[in-house]
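A short write-up of the structure that comes next.
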Amino acid sequence: MNKQKKQQDEKPRVFSGVQPTGILHIGNYIGALKVWVENQDLYDNIFCIVDLHAITIPEAINPKDLKQQVREVAAMYLACGIDPKKSTIFVQSEVPSHSELAWILNCVTPISWLEKMTQYKSKSGKQKTVNAGLLNYPVLMAADILLYETDIVPVGEDQKQHVELSRDIARRFNSLFGTTLKIPKSMIRKSGARIMGLDNPLQKMSKSAAIKKNDHAIMLTDSPEIIRKKISKAVTDANGEISFRKASPGVKNLLTIHETFSGKPTLEIEEYFKGKGYGFLKKEVAEVVINEIRPIQEKYFQILNDKPYLEKVLEQGKSRALGLSNIVLRNVKNQIGLS
Ligand code: AMP
Ligand code: TRP
């Protein structure tokens, strides 16, 4: 066994993923990727590009673009600091065990559990026809997580309910067929787990809203000028209070973005902005964001143009994911009496 593999096998396992439904925004970065990178040395990490989840909203997908979007997310993982020597990166649809385990788990998951999911309720409300894939989305997510005997799932707050459901599905399988699946836990940062839209601080920052409204989100590929412009237009209020506790949702969102990017304590930030106006706050927020994402952008475009490197990383990731996932899938099939 080589040294890298031995070290990986001894650490608790992390699994997480992002859908390749467009360029990532700072909400994805703060809620997910930054947490992954910061904890990378502590765990055996598996990061997936979940393209089978992306096709649950068919109108958001252009078949001609999907493969490129997958590459873009992979390049962004690497640019943000995911190191293929420490983490496995792979594409969900290239590892068939995910669909296979999802089917088996569908057969032990009550529909009523799925109908209760907040994300299903909000997404299905926007669809003319609700496909079964949208309802079963969290079962596929449970399969992703459970296939790798995952200990920890670092995600933004919106995914907490789905991780809870994965735990419930695993427990139900274990109680019906004998202990087979490991029960995972979510990891959610205290501050910044739900970054809000700049144009509407009552709505979560999301890729789908960013496509419809230009000033909704800061995309990780936005130029410094665009970032300054978008933040200067962010919704605030008329009361002028720069405090984490008392500020309106828009101002609190800007303060939270500052806190997560600058890494400074909240009291120090409040002291710094005391007596200053929102114009100053917005300029400073823009600068901390630009400073952190500028080097990421440089790496991103470099990696995206290096097709052989990207392919090598994804090929290595696929090979490890195939091996690991087969073990759990075999156990599950065995327990349930399938050959
Ligand atoms: P998605 O773009 O839906 O595939 O989300 C990828 C990851 O980013 C998940 O862990 C989400 O919970 C996280 N995420 C998405 N939007 C936000 C947000 N506005 N604030 C914090 N985390 C987010
Ligand atoms: N549903 C997650 C999201 O939209 C993406 C995802 C799919 C995921 N499978 C996962 C996240 C497994 C963590 C673990 O953000």
Next on the checklist: Can you give me the angle between helix 249-262 and the longest principal axis of the chain, using Cα atoms only, in degrees from 0 to 90, rounded to the nearest 10?
Outcome noted: 70 degrees
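Under a Cβ-Cβ cut-off of 10 Å, what is the net charge of the residues other than Asp151 that fall near it, where Lys and Arg count +1 and Asp and Glu count -1? Could the numbers behind the result be given before it?
On the way: positive: Lys11, Arg13, Lys182, Lys185; negative: Asp44, Glu149.
Its environment carries a net charge of +2.
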Next on the checklist: Can you bin every Cα-Cα distance in segment 207-300 into 5 Å intervals starting at zero and give me the percent of pairs per bin, rounded to whole numbers?
Outcome noted: 2, 14, 24, 24, 19, 11, 5, 1, 0
Checklist entry - In whole Hz, what ³J(HN,Hα) sequence does segment 75-84 give by Karplus (6.51, -1.76, 1.60; θ = phi - 60°), x for Gly and Pro? => result 5, 5, 4, 5, 5, 6, x, 5, 9, x
Checklist entry - Which translational diffusion coefficient, to the nearest whole µm²/s, is obtained for the chain from the Stokes-Einstein equation, given a Kirkwood hydrodynamic radius over C-alpha pairs, 20 °C and 1.002 mPa s? => result 102 µm²/s
Item to check | DSSP bridge orientation in the chain - percent antiparallel, rounded to nearest 5 | outcome: 10 percent
Checklist entry - So which aspartates and glutamates pass the test for Lys207, namely a Cα distance under 18 Å, with those fewer than 8 places away in the same chain ruled out? => result Asp51, Glu59, Asp65, Glu72, Glu157, Asp158, Asp199, Asp215, Asp222
Checklist outcome for this item: Whole-Å distance linking the alpha carbon centroid of segment 16-33 with that of segment 226-247 is 23 Å
Checklist entry - Which net charge results for the neighbourhood of Lys230, defined as the other residues with beta-carbon distances under 12 angstrom from its beta-carbon, given Lys and Arg at +1 and Asp and Glu at -1? => result +1
Item to check | Compactness of segment 205-251, expressed as Rg and Dmax over alpha-carbon positions, Å | outcome: 12.5, 33
Checklist outcome for this item: Amide H contacts under 5 Å for Lys185, restricted to residues at least 5 apart in sequence or on another chain and with H modeled in the peptide plane, are Ile152, Val153
Next on the checklist: Checking a compactness column here: for segment 87-169, what do you get for Rg(Cα) / (2.2 N^0.38 Å), N being the number of residues?
Outcome noted: 1.10
Checklist entry - Which lysines does Lys190 reach when only Cα atoms under 17 Å apart count, and residues fewer than 8 places away in its own chain are ignored? => result Lys34, Lys160, Lys204, Lys252, Lys264
Checklist entry - Given H placed 1.01 Å from N in the peptide plane, which residues other than close sequence neighbours of Gly17 have an amide H under 5 Å from its amide H? => result Cys48
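Please compute the contact order of segment 207-300 in relative form: average sequence separation of alpha-carbon pairs under 8 Å and at least six residues apart, divided by the residue count, as a percent.
Values: 73 pairs, mean separation 27.7, N = 94.
In percent, rounded to a whole number, it is 29.
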Item to check | Calculated [θ] (222 nm, deg cm²/dmol) that DSSP helices of n ≥ 4 give over the chain, each run adding -39,500 (n - 2.57) | outcome: -17000 deg cm²/dmol
Checklist entry - Could you name the aspartates and glutamates in cross-link range of Lys333, using Cα to Cα under 14 Å and dropping any fewer than eight places away on the same chain? => result Glu100
Checklist entry - Kirkwood-based Rg over Rh for segment 17-168 (C-alpha set), two decimals? => result 0.94
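Since every read-out is calculated from the coordinates, none of them should be taken as a lab result. These numbers come from a predicted model, not from an experiment. So basically every Cβ, Gly included, is an ideal-geometry build from the backbone, and we count neighbours across all protein chains shown.
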